[in-house]
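Just so you know, all these numbers are worked out from the coordinates, no wet-lab data involved. Everything numeric in this text was worked out from a predicted model, so none of it was measured. Note that each Cβ is placed from the backbone with ideal geometry, even for glycine, and that neighbours are counted across all protein chains shown.
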Amino acid sequence: MTWWNSFEILSKLQTALTILISLLSVATLTIKLRGDHLKKQIDSRRSEERRLLDRRLEDKTTTALRTAAALEARQAPRSISDEHLKRLVADLRGAPPPPKVLVIYPHGDEEARLFAQELVAALTEARIKVESTWWLGSPVPSGISVLSKTKISDPSAFSLSRALASAAVKNQYMRGTLVPDSDIQIIVGSKP
């Protein structure tokens, strides 16, 4: 083998190596670009999944807070707001006054007793003759009931029931056989 043949082989080998290195560089660049592209896709998916999980968590948190607030409201003692109290007193002063109102609450029910006292104070402020007492009967009623016995007391009892309703105090109006003729009774039962 002569020296120029070895030079020729060396030259071809050098050319082949240059082409191979170029191909490897292109392949490496292609793999790097492909890897960068895949990384961006993965990051994008993770971000989207994170946003989705954050939204779900936010929705569940909102639902839990609403549920807790509703439970807290159901467990909170009944009360008449200042605005509703003013409306109640104004409505009662504008209606035909009942001869006497007896507010009755179940013995041992502290929440009902406190709400009954609040009603007594409102009725007193409206210049209505009112008394309160507890009741040791069974079954213990729930909610608020306005009772009258006859047509004589019906207009005043109906006005009282309507005034309570306009003050956001849900109640039932009905006739009660054990109610004295001239009286109206408000039964403050346990919180429903």
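Translational diffusion coefficient of region 1-76 (Stokes-Einstein, Kirkwood radius from Cα pairs, 37 °C, 0.692 mPa s): 178 µm²/s.
Across all Cα pairs in region 82-121, the calculated P(r) in 10 Å bins from zero up to the longest distance comes to 26, 46, 26, 3 percent per bin.
Between the helical axis of 3-75 and the longest alpha-carbon principal axis of the chain there is an angle of about 0 degrees.
The stretch between SER25 and GLU111, if pulled fully straight at 0.36 nm per residue, gains 22.7 nm over its current Cα-Cα span. The charge dipole of the chain, taken about its Cα centre with unit charges on the Cβ atoms of Lys, Arg (+1), Asp and Glu (-1) only, comes to about 520 debye. Subtracting the Cα-Cα distance of GLU49 and LEU65 from their residue separation scaled by 0.36 nm leaves 3.4 nm. Taking every DSSP beta bridge with both residues inside the chain, roughly what % is antiparallel (nearest 5)? Taking every DSSP beta bridge within the chain, about 25 percent pair in antiparallel fashion.
Place +1 on the Cβ of every Lys and Arg and -1 on the Cβ of every Asp and Glu in the chain, take the dipole about the Cα centre, and give the residue among LEU114, LEU102, SER44 whose Cα lies farthest towards its positive end. Result: SER44, furthest along the dipole toward the positive end. Annotation: for a label point projected 7 angstrom from Cα along Cα→Cβ of GLU125, residues of region 81-96 with backbone N closer than 15 Å are 81-94.
With a/c under 1.5 counting as rounded, go ahead and sort region 82-188 into rounded, prolate or oblate using the C-alpha gyration tensor (a ≥ b ≥ c being the square roots of the eigenvalues; past the cut-off, prolate if a/b is larger than b/c, else oblate). Oblate, since a/c reaches 1.5 and b/c is not below a/b. Spin-label pair LEU178-THR18: with each label point 7 Å from Cα along the Cα-Cβ axis, the two points sit 11.4 nm from one another.
With Cβ to Cβ distances under 13 Å as the rule, what net charge do the other residues near THR67 carry (K, R +1; D, E -1)? Net charge around THR67: +1.
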